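To keep things clear, I will list the structure first and then write my remarks on it.
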Amino acid sequence: MPLKPLIAITATIEELRNKQQITIPSAYSKAVEDAGGIPVILPILSGKENITSIAGSFDGFVFSGGDDIRPSYYGEELLPHLIDTELSPDERTDFEVALLKEVMLLKKPVFGICLGMQLINVALGGSLIQDIPTQVTNPLNHRQPHSIEIKEGSLLYRILGIIPPPQVGMKGEGQDNTKNSLPFKGRVRVGMGFFPTNPAKISIISHHHQSVKLLGKDILISAVSNDGVIEAIELPEYPFLLGVQWHPERELESYYTNRLFKSFVEAC
């Protein structure tokens, strides 16, 4: 029996009972396990040798959600009305930026979720909208469910853009729908024989007030919401690098969550 891929998941630091704890919602590991991977929660380490060793030891990497990245990482001052205590610890940001760069040198699959997507963009030279309610015209409430539009031809579109109800009109799962397969190791049959509809819209659960502003090097937009906020990004020349601004792990029974994590794990 082939070994299941080992998937590293980043975590954050919190004060619990007057002690620092490494914490992460259990839904992340459950989503990875359900998709066929073995989840491993990463501590926050320093030192290039340690980070290089971690990058080489796992098959794929989930960069998880959390508090805001300090704006100094993308050359800005914190907006006066924002609260300094709602920022991610610098040691987490330093660790994840360094880890991402080492992982990318090895071309290993990367999946960023919420803060993880923002981290990818900042690490590649991009910037963030610090506060959607005050910096975006006629913004949606991004702390509530809303719909997004997936860009045709993107990796995300190829994973989710062909979404028939699984129990209706399904063609045989054994059909080799080659032209709709994903171009990476462990090809995923998307849509099971159905052709895409355009535009592809789905409803998502999100909880954030920041988003991508200027794109990092070579990053493309995969999805947007009706107010123009970027909801997903990808790196087209990379084997598998995808960031989503919402929280698919909070809907473990969702078809979309299953497709996202399954595609990621199969790429590993």
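The values are calculated or read from the model by the stated rules, or taken from the named source; none is laboratory data. This structure is a prediction, so every number in the text was calculated from the model and none was measured. With ideal geometry, Cβ positions are generated from the backbone for all residues, glycine too; neighbour counts draw on all protein chains shown. What goes into the accessible areas is simple: the full protein's heavy atoms, side chains included, and nothing from ligands, DNA or RNA. Shrake-Rupley method; radii C 1.70, N 1.55, O 1.52, S 1.80 Å.
A few remarks follow.
- The listed residue being open to solvent by 10 Å² or more (accessible area, probe 1.4 Å), under 15 Å from LYS151 (Cβ atoms) and not basic (Lys, Arg), out of LEU252, LEU235, LEU214: LEU235
- Unique residue being on the phi < 0 side of the Ramachandran plot and modelled with pLDDT under 95 when the list is ILE38, ILE9, ILE44: ILE44
- The residues in the range 247-268 that are touching an Asp or Glu at 6+ places or on another chain (Cβ under 8 Å) and at pLDDT 95 or above can be counted, and the count is 2.
- Close pairs from the range 58-83: first farther than 21 Å from LEU99 by Cβ, partner acidic (Asp, Glu) and part of a strand (DSSP E or B), Cβ under 8 Å, at least 6 apart: LEU82/ASP68
- Meets criteria (in contact (Cβ under 8 Å) with a residue 40 or more places away in the chain and in contact with an Asp or Glu (Cβ under 7 Å, 6 or more places away or on another chain)) for PHE95: no
- Against the test of being in contact with a Leu (Cβ under 8 Å, 6 or more places away or on another chain), more than 25 Å from ARG143 (Cβ to Cβ), open to solvent by 20 Å² or more (accessible area, probe 1.4 Å) and among the polar types (S, T, N, Q), the options SER46, SER53, SER57 yield a single qualifying residue, SER57.
- Some residue of the range 42-52 being assigned to a strand (DSSP E or B) and touching a residue at least 12 places away in the same chain (Cβ under 8 Å): no
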